[in-house]
Each structure stands twice: as C-alpha cells, then as structure tokens.
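Worksheet for the structure shown next.
The values are calculated or read from the model by the stated rules, or taken from the named source; none is laboratory data. Predicted, not measured: the structure shown is a model, and the values here were computed from it. Virtual Cβ from ideal backbone geometry, glycine too; neighbours counted across all protein chains shown.
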Amino acid sequence: MLQRFARVGPYFRSGKAAIAAAGLAALVGAATEPLIPALMQPLLDKGFAGQGLPLWVIPLVIVGLFAVRGVAGFVAQYGLTWAANRAVQQMRQAMFEHLMRAEPGLFSRHSSSQLTNTLVYEVQQGATLLVGSLLTLVRDSLTLAALLIYLLWLNWQLTLFVSILFPAVAFVMRTLGRRLHKLTVAGQGATDELAYTVEENVLAWRIVRLHDAAQSQGQRFAGRSSQLRRLVMKAAIASGTMTPITQIMAAIALSCVITAALWQSSATGATVGGFVAFITAMLMLVSPIKHLSDVMAPITRGLAAIERGLDLIEHTPTEQGGTHAVERARGEIELRGVGLRYREDQEGALQGVSLHIAPGQTVALVGPSGAGKTSLVNLLPRFITPTEGQVLLDGVPLAQWDVRALRRQFAFVSQDVVLFNDSVAANVALGAEVDPARVRQALEGAHLAEFVDSLPQGMNTTIGHNGDQLSGGQRQRLAIARALYKDAPVLILDEATSALDSESERAVQAALEHLMRHRTTIVIAHRLSTIEHAHRVVAMDAGRVVEQGPPSDLLAAGGLYARLHAMQFRT
C-alpha cells in the first residue's frame, strides 16, 4: 500500500502547504475528542454534588469545543480537497501530454473510449475517493491515537488489553484489501469493454439499424454488463465483510474490557466519574475503528483508478526520434526493401518495396483494396515503423529525423476527414497561429470561401463535432484548405476529391495542381481520371510494387494499371 501511495505522492507536492494545514486542523480536531469523556469525570464526581464549576461554564465549554471541531473539520476537508484536485489537474495534464507523444501503437492497443475513460473519469473518481478516504484516515487515526493516550492516562492496564485488537484488525483489512484490489482492476477492464461496446454501436448506429442487429448487439452488451455486475458484487462482498468482522472483534474486546473495568472498579474503589469517563472513551473508539475499517475499500478503488492513469504514463513509451531537423525538406523520398508486418501470424502488408521519388515529382499509387497503398504512405510521417528495410527523406533515414521536424514536411488529405469542434479558421490553421489572410487564401484555393462567407460568423463559426454541420464535400474541401495553409513540401492525397461534385472537383483539382508544383506529391487514387497528369504511376498488389512508369506507358504495357483503367472506363 505504501508503494502505491509513493507513486501518487509526487503529484501532491505542489499542495504541501494545504496538506500540512489539513493535517494540523485534523490534529486539532482529534485533540478535542478526549475532552468529551474528560468532562464526564468532574461532572459526575463533583458537578452533581454541587462542588464543580459554575453552571454557565459547562455549556460554554461544550459549545466552544464543538465550534473548534467544526472549524478544524472544514479546514481539513478543504485543504485535502484543494491538494487532491491540484494533483488531479497535474496528473491529467501529464497524461494528456504523454498521450500526444506516445508511440502510435498505443492507439491500436487501446480503444478511444478506454483512453477517454482513464484520462477524464477514472482519475477524477479516484481522486474523489481518495480525498474522502484520506480525510477519514487522518482524522480517525489521530482521534484513535488521542483517545488511546487518554485511556492510557486513565487506566494503562485496560488500555493495553484493548491494543491486542489492532493487529487482528490490520490482518483482516490487509487480506481483504488485496482481494478487493484484484477485483477492482478486473472491474476496470470489464468497464472498458462495456464502454467500447457502447462506443462501437453509437458510431455504427446506421449499420446496426440497417442490418437489424440491435438484438444481437443488445445480447453482446448484456453479456459484458453481466460480467461487470458479477465483479462489482464480488468486490462488494470483499468490501462489505470488512466492517462487520471488525465490529465483531471490537465488540468482543469492548465487552471484555467493560467486564474487567467493573471488576477493577469494585476491587479498587474507583469513582463513578472515572469509570464512566473510561467507558465513554472506550465507546468513542468504536466509531473511528469502524471508519478505518470502512476506509480500505474506497482507498483501494481510488488508488486503482489513479494507477490506471499512472500506468499509461509510465508503461507507454514515447516516440523516439533523432536530431536531424530542417525547416523545409527538398522532398526526396526513398524506400529500400521495405517490409511491414502488423502481426507475426499475418502475411506482410508490404513485402520488399523499393521506390524512389524525386523532389517535386507527383506519384500515384494504384491497386486493388489491400494492396498496401495506405500502409506505404503511413510509413512516411512515421505513423507506423517498417519491420524491415529503410525509409529515407532527403537521403536521411526517418529514424534519424526529429519527429516534429519530420512531420512538418507533410500535409495529408484523406477521404476520412477529421475535423475539430472549433472554428473554421482554427481547423484550417490547425497547429499553427491563425493568420486570417492566409486562411482566406486557403479557403479560396479549396473552393470554400463563398460558403464560409455565408456562415453566421464567417471563418469564426464553430463547425460542430467532426464538422457535422457541414456536408461531406464541404468537410473534404476544408481538409484541403488545411493542407493549402500548411504549405508543406510533401503532399499526401488519399482520394482528396472523392466527395466533391463535378464542378467543385474541377476547381479544387486546379488548386491542387497549382499547389503540387515544385512539391513532392503522393496520390492514392481509386478514380484513375484524377491522376492522368501524374509523372509516374506505381501499381501495387498484395504488398508489392508490380509495375511503375508514366500512365501512358503502363496503359500500353497492358498490365495491372491497364486492367484497372479498362474496368473504370469500359463504358
């Protein structure tokens, strides 16, 4: 447990002052606890006999005592809450920044719902549980210590007898705490699977309804929901048994102590006030012991939730790059015997691909689905790493490039457009400072300026989740405007005009042709009419380059490109 707290500790360093204030307040509050039974002895021994303090003193002391306890409790809770939320903010920021720098394989191993759940919800939930639990732990531990000191002062023999209880309680809490931690971790995994099922069905609701798959998906959801329920119930059993076992042990010890105290009182002639004060302090021990037995479950759940985020930071390597960096590359690309295998038990997505693209050249990649075109272009900005061979930019292996400098050299327009719930201008200038004049120029080049002018706030209009307030063609033209704005030396176009009408396609194609001058351009093309002006066509099949050359030469050769061309232009 201490090792797990040590992992979380560094994030609480900035709140040391608040934690110290909370601890001091908890100490003050705990110190007032023994004063309540301490008042009982003079009150019973002298107060009712008319020999005690004046009548007005007792209520004043009681009110003042509870006022001090109230203020101390507030300061302790506020201080711990402030420190915990500051720690959560720093932890969440570290997790997000690590997520942005993590090696790309992370995003294939974890679903977006799992990463979102960990970063946003689990860390906050864990901190909330820890705040309440640590407050209880500190406050009731100090209260327990204060009451034990008072009991030792009153009757050290009986107090030592009570202390026998604590090792047994600690053993029960440790044993059940370990089981609860295992069940909590398993429950987190089941929650991720359930959230992913929901995410899949929310994103694919059209397909689910079209294929009348609601019932089968409901059964899938029910199965994972039942698995989560079973784990939650097992955790509830482990958590719920802590309190009654602890209370039974405390009750046994308390009954033995009361019996011994009665015998001792009759044998030694102790006063009624002293006896009542001891028994009152003994009974007051039950509440902190109960709270401390209850606190193990939320602490375990809170730490497990926070550790999930810490594991993301500590066990996920960041992208590693070299030191080579230039402001603008020439755009020479070379692949030397490149092979790529996503899994050991699968056939290679790329097999022995060698290719040279000169600066400023436009190369079109064609071939059937699964030929390896997308895998090839994903190698260039190092979204994936080849399992064999080498990829070079300007004669420098990609592994020697600084990752950020490398990706500054590429602009990418895909048929699967990704937009952010932000303004048009922010989406166009993504990752760079917004220059309204350049944004306007990019929008005009993408044949989108007239539409943006018609929006309520022009280029400052927010476009909704992934641009859901735009049509498919408008979303794709906005992605093209983003590429125009970036003005990178290497362009990667994956069917960049596929969602455009004929008129817009002609305008955007003209803009792209203007942009492609003096830039290296790689075009993944299914519509072969868009690549007639390419310098070279590279035809791929089953992860291999089967032919390459000018479009006219490949048509005359009668190979794969000619067959694909004939199929599209048969009519």
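Computed values, structure above
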read-out: From the options 184, 191, residue that is β-branched (Val, Ile, Thr), in contact with a Lys or Arg (Cβ under 7 Å, 6 or more places away or on another chain) and either modelled with pLDDT of 75 or more or in a helix (DSSP H, G or I) (or both); value: 184
read-out: Selection from region 385-394 of residues that are part of a loop (DSSP other than H, G, I, E, B), of a type outside the set (Asp, Glu) and under 18 Å from residue 407 (Cβ atoms); value: 385, 386
read-out: Filter pass, residue 438 being modelled with pLDDT of 85 or more, assigned by TED's automatic domain parsing to the domain that holds residue 363 and either surrounded by 17 or more Cβ atoms within 10 Å (Cβ to Cβ) or of a type in the set (Phe, Trp, Tyr) (or both); value: yes
read-out: Region 542-571, subset in a helix (DSSP H, G or I) and surrounded by 15 or more Cβ atoms within 10 Å (Cβ to Cβ), residue modelled with the lowest pLDDT; value: 565
read-out: Among the candidates 449, 432, 442, 405, residue that is in contact with a Phe, Trp or Tyr (Cβ under 7 Å, 6 or more places away or on another chain) and over 30 Å from residue 539 (Cβ atoms); value: 442
read-out: Leading residue by the ranking (nearest to residue 516 (Cα to Cα)) among those in region 445-454 that are among the hydrophobic types (A, V, I, L, M, F, W, C) and touching a residue at least 12 places away in the same chain (Cβ under 8 Å); value: 446
read-out: Residues that are more than 25 Å from the chain's Cα centre (by Cα), touching a residue at least 60 places away in the same chain (Cβ under 8 Å) and not in a loop (DSSP other than H, G, I, E, B), drawn from region 398-444; value: 399, 400, 401, 405, 406, 410, 411, 412, 413
read-out: Count of residues meeting criterion [touching a residue at least 60 places away in the same chain (Cβ under 8 Å), more than 31 Å from the chain's Cα centre (by Cα) and buried (at least 16 other Cβ atoms within 10 Å of the Cβ)] in region 331-348; value: 5
read-out: Pair list, Cβ under 7 Å, 6 or more apart: region 560-571 residue farther than 17 Å from residue 547 by Cβ, other residue part of a helix (DSSP H, G or I) and modelled with pLDDT of 80 or more; value: none
read-out: Residue list for region 361-395, restricted to those being touching a strand residue (DSSP E or B) at 6+ places or on another chain (Cβ under 6 Å) and surrounded by fewer than 18 Cβ atoms within 10 Å (Cβ to Cβ); value: 387, 388, 389, 390, 392
read-out: Selection status of residue 539, assigned to a strand (DSSP E or B) and at pLDDT 85 or above; value: yes
read-out: In region 15-31, residue modelled with the lowest pLDDT [restricted to those that are out of contact with any Phe, Trp or Tyr (no Cβ under 8 Å at 6 or more places or on another chain) and not small (Gly, Ala, Ser)]; value: 16
read-out: Residue that is modelled with the lowest pLDDT, among those in region 201-217 that are surrounded by 12 or more Cβ atoms within 10 Å (Cβ to Cβ) and not hydrophobic (A, V, I, L, M, F, W, C); value: 201
read-out: Residues satisfying the stated conditions in region 469-495, i.e. under 20 Å from residue 357 (Cα atoms), buried (at least 22 other Cβ atoms within 10 Å of the Cβ) and at pLDDT below 85; value: none
